[in-house]
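Everything on this sheet refers to the single structure shown next.
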Amino acid sequence: MKKIFNIILAMVAVAGFVACNEQYTTYNDKEYLMFSDSLSTNMVLADGAPFKVQVSSTVARNFDRTYAVEVVDKGSNAIEGYHYRLGSNTITIPAGKLSTEVEVYGNYENIEPADSLGFTLKLVMHEDLKWGMYPNSDQTKVVMYKSCPLDINEFGGTEQDPRYCLLTSLLLYSYPGPNTSYQRLVKCYKHKSIKNTIVMDDLFYNGYDVLLTFEDNPAEPLLKMQKDQVIGSEYTVFGMQHGDGKILATHSPRAEQASYYNACQKYAQLWVLMYVNDLSTTVGYVGYFYNILEWVSQEEAEEIMREGL
């Protein structure tokens, strides 16, 4: 649907203006109304702010247009009035505009950290406004989940009393080096001077700690890894040396590989770019690797240690 929306905008950009009093023929192109995407995934924040589900039209008008919105009960596991409420059961596209939003208020207190709740929204409008090429574009599936405030103490303790994290790594799967498993238990403690940053003790390979920084933004909880961190030795991991002997890494710069953490469920996804330098000049990129970090309790950590990780 996102591609559809871009096509619609391109159509509108080249459309000519035709002055007319008829309701559906103000512009050259036929008017269709739709949700901008067939799936809308949203965070529910503690501050009570609503999230917005976008609705688009193929043409602009010289007058306001108001339509009704309804919730389709079938297939929903979110309860209206308990898990969420609509800001209004109507939407208005202002004169001269192509879009508007349905405001939804999630009930933060009634959503559990592990919940993934969903419901379907439907536009109530004249049949002529439905685009036959995309018969379900008048509906969208709305998914919402809880986003908790960051407490760095949940992710990093002290060197004397660390937190524990279970790493499952495609990097270790691809380049195990001296490791015998693509999973390992990692000690985590807060950095002494860098805010919201933890030290991951021997994260990928023994002898090489990694710093991870948590962005304190519940609406966009990004996880970042400082550039040029040494995560291992070329000879130990590759069995040969291509550059200065160090394997370097940072979080992936690709937008589609953003690294996020979940403060409610205490886990993170970390996309790592692995590369080799020689005298600060990049010799080559090893690749992009996906990793899952799951913080566990002391009891769970002890059980994992007994299993040999």
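The values are calculated or read from the model by the stated rules, or taken from the named source; none is laboratory data. None of the values given here were measured: they were computed from a predicted structure. Cβ: placed from backbone, ideal geometry, glycine included. Neighbour counts: every protein chain shown.
Tabulated data
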item	result
Selection from segment 221-237 of residues that are touching a Gly at 6+ places or on another chain (Cβ under 8 Å) and outside any helix (DSSP H, G or I)	GLY232, SER233
Residue count for segment 162-173, restricted to those that are farther than 24 Å from ALA258 by Cβ and assigned to a strand (DSSP E or B)	1
Test: residue in segment 273-291 that is assigned to a loop (DSSP other than H, G, I, E, B), under 27 Å from GLY157 (Cβ atoms) and within 15 Å of the chain's Cα centre (by Cα)	no
Check on LEU211, within 30 Å of PHE51 (Cα to Cα) and without any contact (Cβ under 8 Å) to a residue 60 or more places away in the chain	no
Conditions (1) under 30 Å from ASP115 (Cβ atoms); (2) surrounded by fewer than 16 Cβ atoms within 10 Å (Cβ to Cβ); number of the one not met by MET240	(1)
Only one of THR92, THR100 that is in contact with a Pro (Cβ under 8 Å, 6 or more places away or on another chain) and outside any loop (DSSP other than H, G, I, E, B)	THR100
GLU159, sole failed condition from (1) in contact with a strand residue (DSSP E or B) (Cβ under 6 Å, 6 or more places away or on another chain); (2) farther than 22 Å from LEU223 by Cα	(2)
Any hit, segment 56-75, residues being touching a residue at least 12 places away in the same chain (Cβ under 8 Å), of a type in the set (A, V, I, L, M, F, W, C) and farther than 27 Å from HIS126 by Cβ	no
Failed item, numbered, when MET240 is tested on (1) farther than 25 Å from LYS195 by Cβ; (2) in contact with a Gly (Cβ under 9 Å, 6 or more places away or on another chain)	(2)
Cβ pairs under 7 Å, 6+ apart, first in segment 83-100 and among the aliphatic types (A, V, I, L, M), second buried (at least 16 other Cβ atoms within 10 Å of the Cβ) and assigned to a loop (DSSP other than H, G, I, E, B)	ALA95/ARG61; LEU98/ALA60
Unmet criterion (only one of (1) modelled with pLDDT of 95 or more; (2) of a type outside the set (Ser, Thr, Tyr); (3) in a helix (DSSP H, G or I)) for GLN269	(3)
Subset of segment 155-212 (residues that are over 17 Å from LEU293 (Cα atoms) and of a type in the set (Val, Ile, Thr))	THR158, THR180, ILE194
Selection count, segment 143-162, where residues are out of contact with any Pro (no Cβ under 9 Å at 6 or more places or on another chain) and among the small types (Gly, Ala, Ser)	1
Among the residues listed as GLY87, GLY81, the single one being at positive phi and surrounded by fewer than 17 Cβ atoms within 10 Å (Cβ to Cβ)	GLY81
GLU112 vs. criteria part of a loop (DSSP other than H, G, I, E, B), outside the structural domain of TRP271 (by TED's automatic domain parsing), among the charged types (D, E, K, R) and in contact with a Lys or Arg (Cβ under 8 Å, 6 or more places away or on another chain)	yes
Matching entry among VAL55, VAL59, VAL71, VAL44 (being in the same structural domain as LYS122 (by TED's automatic domain parsing), in contact with a Gly (Cβ under 9 Å, 6 or more places away or on another chain) and of a type in the set (A, V, I, L, M))	VAL44
Qualifying residue in segment 196-204 (condition: over 27 Å from ASN153 (Cα atoms), without any contact (Cβ under 8 Å) to a residue 24 or more places away in the chain and of a type outside the set (A, V, I, L, M))	no
